[in-house]
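A.B. asks: Starting off with a structure, shown below.
The values are calculated or read from the model by the stated rules, or taken from the named source; none is laboratory data. Bear in mind the structure is a predicted one, so any value in this text is a computation, not a measurement. Note that we place each Cβ from the backbone using ideal geometry, even for glycine, and neighbour counts take in every protein chain shown.
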Amino acid sequence: ANVNDAPTVTGAIAAQTATEGVAFAFTVPAGFFTDVDAGDSLTYTATLTSAGLLPAWLSFDPTTQTLSGTPGDGDGGTLAIRITATDGALASVSADFQLVVNNVNTPPFLVTPIADQSIQEDSAFSFSIPPTSFGDSDVGDRLTYSVTQESGAPLPSWLGFEPTTRTLSGTPTNAEVGSLTLIVTATDSATQAISDTVVLTVTNVNDAPTLVSPIADQTPTIDTPFTLTLPPTTFNDIDGGDSLSYSVSRSDGGTLPSWLNFDSASLTLSGTPTSNDIGTVSIQIIATDLAGTSSSDSFDVTIAPIVNTPPIVANALPDQSATEGTPFSFAIAPTSFTDPDVGDRLTYTARQANGNALPNWLIFNPITVSFEGTPLRGDVASLTIEVTATDTGFNQVNDQFDLVVAGFNARPVVIPSRSSIAYASTIGSVAIDPALTLADSDSTTFSAATVTIVGFVSGQDTLTFVSSPGSPITGAFAADTGILSLTGVARSRLTKPPCAPSPIKH
């Protein structure tokens, strides 16, 4: 009787290749499986060498002994295929080979949209992109991640991204308040990519105002109007749209001094301190925002006593001269005395340098700061006048000038011993005035004296004069005017020829 023989293979099946998305077919070569038993028929099956079923995309036709199908995305890789031939007695033989499915890259895709994020300013922010946000059907493909701003610009400096952990992190400040649109991109090994948009909103948290420019200490002057207007840059609030209100008080919370006022609309401190306000007061200015948070600055206002500087002699007073009987005036120049203190006023007095009052003839006007008067004969002298300038603080300075009053040279006068004399034409020589005297009232050497001879006839009358002993006469007689000019003390004698008219002495 026949003993069944198992089928056999005549060789080996070469490795096969397929490509994702491309139809694949492989037919076992004819005569590859044989059976020596006459009349025996073979049946064929195909499985994985692990005895598993073929993948869904791959089918086997036992009649034609053909493997066929189109591998899809994700089917790439190597399959170990086993084709088995079985005879009627269920004896079998198998042939194994590899089917390499070449991968065709498929771009990654968005699986779950990334949720928008929100964070408060000044708070630490951290957000990891879920690993399920993006997918890639290519087996073994690995995605890398990147994040930019919507414009393609890099992330702002406050925000960082760690691609390994897919984590965004940072701490936004007030400057970042608002919405930031981010583009999250997943890229596969073939550089194909997919992106999703995430809106990151930074919500505002109120920031207190800050002091930018401290206010300098102030030094108002007594009785002088004081004004201090705060620069708008003194305080700042970085919150967009916030506004500040201002209040002023003493640093200890007390009210402002009575002389000082604050106008919140113009941010101006103003007032006029008096001597009663001497000292230092600390002032506090508070800037408050709409949320009630505030910032302040303090500065000192110091009112010092006025230090009075004495007046000075800027230009020495010039010496002066006056003449007896002649009006005298002298106005002190405004530049003679000055006071370094701005606004100080000087008053003036005058006296003699020896402390005596001014002579009666000399008047000083303190309003016009001038001297005037007319010296008389008895006022001839050399005076030293002292002028004193006094400021409002009763500080004084003085200067002196010499005033020389010169005498006036009075004309000498003729003092006759008798007022008149008459004589007859028959009389010979007649003494007009036997004791004619020349006198000078101011006791100075006179230059001339005159005696007028009335009725003198030139060529007919003659005039002779005889001086007193020790007083020689110098002078001349002008016959045409009848004037005898004399120097000294003299007696004159008029010689009259007979029948001539009688001259008369006045």
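A.B. asks: Of all residues in the range 224-263, count the ones that are more than 30 Å from Gly343 (Cβ to Cβ), of a type outside the set (Ser, Thr, Tyr) and in contact with a strand residue (DSSP E or B) (Cβ under 6 Å, 6 or more places away or on another chain).
C.D. replies: Qualifying residue count for the region: 3.
A.B. asks: Answer yes if at least one residue in the range 30-44 is out of contact with any helix residue (DSSP H, G or I) (no Cβ under 9 Å at 6 or more places or on another chain), within 30 Å of Pro107 (Cα to Cα) and either in contact (Cβ under 8 Å) with a residue 40 or more places away in the chain or in the same structural domain as Val139 (by TED's automatic domain parsing) (or both), and no otherwise. It would help to see each step written out before you state the result.
C.D. replies: Within the range 30-44, the subset out of contact with any helix residue (DSSP H, G or I) (no Cβ under 9 Å at 6 or more places or on another chain) is 30-44.
Pick out the ones that are also within 30 Å of Pro107 (Cα to Cα) and you get none.
The answer is no; no qualifying residue exists.
Quick grid of which residues meet (1) basic (Lys, Arg); (2) in contact (Cβ under 8 Å) with a residue 24 or more places away in the chain; (3) exposed (fewer than 15 other Cβ atoms within 10 Å of the Cβ); (4) on the phi > 0 side of the Ramachandran plot:
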{"residue": "Leu58", "(1), (2), (3), (4)": "no, yes, no, no"}
{"residue": "Thr70", "(1), (2), (3), (4)": "no, yes, no, no"}
{"residue": "Leu90", "(1), (2), (3), (4)": "no, no, yes, yes"}
{"residue": "Gln98", "(1), (2), (3), (4)": "no, yes, yes, no"}
{"residue": "Val101", "(1), (2), (3), (4)": "no, yes, no, no"}
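A.B. asks: Need a quick list: strands (runs of 3 or more DSSP E) entirely within the range 171-248 having at least 3 residues that are in contact (Cβ under 8 Å) with a residue 60 or more places away in the chain and touching a Ser or Thr at 6+ places or on another chain (Cβ under 8 Å).
C.D. replies: Values: elements: 178-187, 193-203, 226-229.
Ranges flagged: 178-187, 193-203.
A.B. asks: Among the numbered criteria (1) among the hydrophobic types (A, V, I, L, M, F, W, C); (2) surrounded by 11 or more Cβ atoms within 10 Å (Cβ to Cβ); (3) at pLDDT below 95, which one does Ala333 miss?
C.D. replies: Tallying (1) among the hydrophobic types (A, V, I, L, M, F, W, C); (2) surrounded by 11 or more Cβ atoms within 10 Å (Cβ to Cβ); (3) at pLDDT below 95, Ala333 fails exactly one: (3).
A.B. asks: Take Ala265 and tell me if it is modelled with pLDDT under 95, under 22 Å from the mean Cα position of the chain (by Cα), surrounded by fewer than 16 Cβ atoms within 10 Å (Cβ to Cβ) and not in a strand (DSSP E or B).
C.D. replies: Working: modelled with pLDDT under 95: yes; under 22 Å from the mean Cα position of the chain (by Cα): yes; surrounded by fewer than 16 Cβ atoms within 10 Å (Cβ to Cβ): yes; not in a strand (DSSP E or B): yes.
It is true that Ala265 is modelled with pLDDT under 95, under 22 Å from the mean Cα position of the chain (by Cα), surrounded by fewer than 16 Cβ atoms within 10 Å (Cβ to Cβ) and not in a strand (DSSP E or B).
A.B. asks: Can you find a residue in the range 57-66 that is at pLDDT below 95 and assigned by TED's automatic domain parsing to the domain that holds Phe26?
C.D. replies: no
A.B. asks: Moving on. How do the pairs read when you match residues in the range 354-372 that are among the β-branched types (Val, Ile, Thr) with residues anywhere that are in a strand (DSSP E or B), using Cβ under 8 Å and keeping only pairs 6 or more apart or on different chains?
C.D. replies: Once the first residue is among the β-branched types (Val, Ile, Thr) and sits in the range 354-372, its partners that are in a strand (DSSP E or B) give Ile363/Phe371; Ile363/Glu372; Ile363/Gly373; Thr368/Ala331; Val369/Ala331; Val369/Tyr348.
A.B. asks: Out of the residues in the range 26-78 that are within 30 Å of Gly135 (Cα to Cα), among the hydrophobic types (A, V, I, L, M, F, W, C) and not in a loop (DSSP other than H, G, I, E, B), which is farthest from the chain's Cα centre (by Cα)? Please lay out each step first, then the result.
C.D. replies: Residues of the range 26-78 that are within 30 Å of Gly135 (Cα to Cα), as a first pass: 48, 50, 52-59, 68-78.
Right, trim to among the hydrophobic types (A, V, I, L, M, F, W, C) and you get 48, 53-54, 56-58.
Pick out the ones that are also not in a loop (DSSP other than H, G, I, E, B) and you get 48, 58.
Numbers: Leu48: 88, Leu58: 85 Å.
So the residue we want is Leu48.
A.B. asks: Of the residues that make up the range 385-397, is at least one loosely packed, with under 13 Cβ neighbours inside 10 Å, outside the structural domain of Thr227 (by TED's automatic domain parsing), farther than 30 Å from Arg250 by Cβ and free of Cβ contacts under 8 Å to residues at least 40 places away in the same chain? Before the answer, list the steps.
C.D. replies: Start the filter on the range 385-397 by keeping residues that are loosely packed, with under 13 Cβ neighbours inside 10 Å, which leaves 394.
Restricting the remaining residues to those that are outside the structural domain of Thr227 (by TED's automatic domain parsing) gives 394.
Okay, now just the ones that are also farther than 30 Å from Arg250 by Cβ, so 394.
This time we only want the ones that are free of Cβ contacts under 8 Å to residues at least 40 places away in the same chain, so: 394.
Yes, that holds for at least one residue.
A.B. asks: Is at least one residue of the range 275-286 part of a loop (DSSP other than H, G, I, E, B), of a type in the set (S, T, N, Q), under 32 Å from the mean Cα position of the chain (by Cα) and not assigned by TED's automatic domain parsing to the domain that holds Leu376? Lay out the reasoning, then the answer.
C.D. replies: Step one: filter the range 275-286 for residues part of a loop (DSSP other than H, G, I, E, B), giving 278.
Remaining after also requiring of a type in the set (S, T, N, Q): none.
No, the range 275-286 contains no residue that is part of a loop (DSSP other than H, G, I, E, B), of a type in the set (S, T, N, Q), under 32 Å from the mean Cα position of the chain (by Cα) and not assigned by TED's automatic domain parsing to the domain that holds Leu376.
A.B. asks: May I ask you to say which residue of Val248, Val198 is surrounded by 14 or more Cβ atoms within 10 Å (Cβ to Cβ), out of contact with any Lys or Arg (no Cβ under 6 Å at 6 or more places or on another chain), farther than 30 Å from Arg142 by Cα and aliphatic (A, V, I, L, M)? Before the answer, list the steps.
C.D. replies: On the way: Val198 fails: farther than 30 Å from Arg142 by Cα.
The match here is Val248.
A.B. asks: What are the residues in the range 147-170 that are among the polar types (S, T, N, Q) and surrounded by 14 or more Cβ atoms within 10 Å (Cβ to Cβ), if any? Explain how you work it out, then say what you get.
C.D. replies: Taking the range 147-170 as the starting set, the residues that turn out to be among the polar types (S, T, N, Q) are 148-149, 151, 157, 164-165, 167, 169.
Thr148, Gln149, Thr167, Ser169 - these are the residues of the range 147-170 that are among the polar types (S, T, N, Q) and surrounded by 14 or more Cβ atoms within 10 Å (Cβ to Cβ).
A.B. asks: Consider Ala291 carefully, then state whether it is in a loop (DSSP other than H, G, I, E, B), touching a residue at least 60 places away in the same chain (Cβ under 8 Å) and among the hydrophobic types (A, V, I, L, M, F, W, C).
C.D. replies: On the way: in a loop (DSSP other than H, G, I, E, B): yes; touching a residue at least 60 places away in the same chain (Cβ under 8 Å): yes; among the hydrophobic types (A, V, I, L, M, F, W, C): yes.
Yes.
A.B. asks: Here's another thing I want to ask about it. Being touching a Lys or Arg at 6+ places or on another chain (Cβ under 8 Å) and aliphatic (A, V, I, L, M) is the filter; apply it to the range 277-323 and report the residue that is nearest to Leu403 (Cα to Cα). So that I can check it myself, show each step before the final result.
C.D. replies: Just the residues of the range 277-323 that are touching a Lys or Arg at 6+ places or on another chain (Cβ under 8 Å), to begin with: 281-284.
In the following step, the residues that additionally are aliphatic (A, V, I, L, M) were identified as 281, 283.
Working: Val281: 56, Ile283: 60 Å.
Looking at residues that are touching a Lys or Arg at 6+ places or on another chain (Cβ under 8 Å) and aliphatic (A, V, I, L, M), I get Val281.
A.B. asks: Here is a check on your reading of the model: is Ala153 under 30 Å from Val36 (Cβ atoms) and not charged (D, E, K, R)?
C.D. replies: Working: under 30 Å from Val36 (Cβ atoms): no; not charged (D, E, K, R): yes.
So Ala153 does not fit the description; no.
A.B. asks: Residues Leu269, Leu256: which one is outside the structural domain of Ala175 (by TED's automatic domain parsing), without any contact (Cβ under 8 Å) to a residue 60 or more places away in the chain and under 17 Å from Ala216 (Cα atoms)?
C.D. replies: Details: Leu256 fails: under 17 Å from Ala216 (Cα atoms).
Sole residue among the options that is outside the structural domain of Ala175 (by TED's automatic domain parsing), without any contact (Cβ under 8 Å) to a residue 60 or more places away in the chain and under 17 Å from Ala216 (Cα atoms): Leu269.
A.B. asks: Another one. Residues Thr221, Thr187, Thr210: which one is in contact with a Leu (Cβ under 8 Å, 6 or more places away or on another chain) and of a type in the set (Ser, Thr, Tyr)? Working first, answer last.
C.D. replies: Working: Thr221 fails: in contact with a Leu (Cβ under 8 Å, 6 or more places away or on another chain); Thr210 fails: in contact with a Leu (Cβ under 8 Å, 6 or more places away or on another chain).
Of Thr221, Thr187, Thr210, the one residue that is in contact with a Leu (Cβ under 8 Å, 6 or more places away or on another chain) and of a type in the set (Ser, Thr, Tyr) is Thr187.
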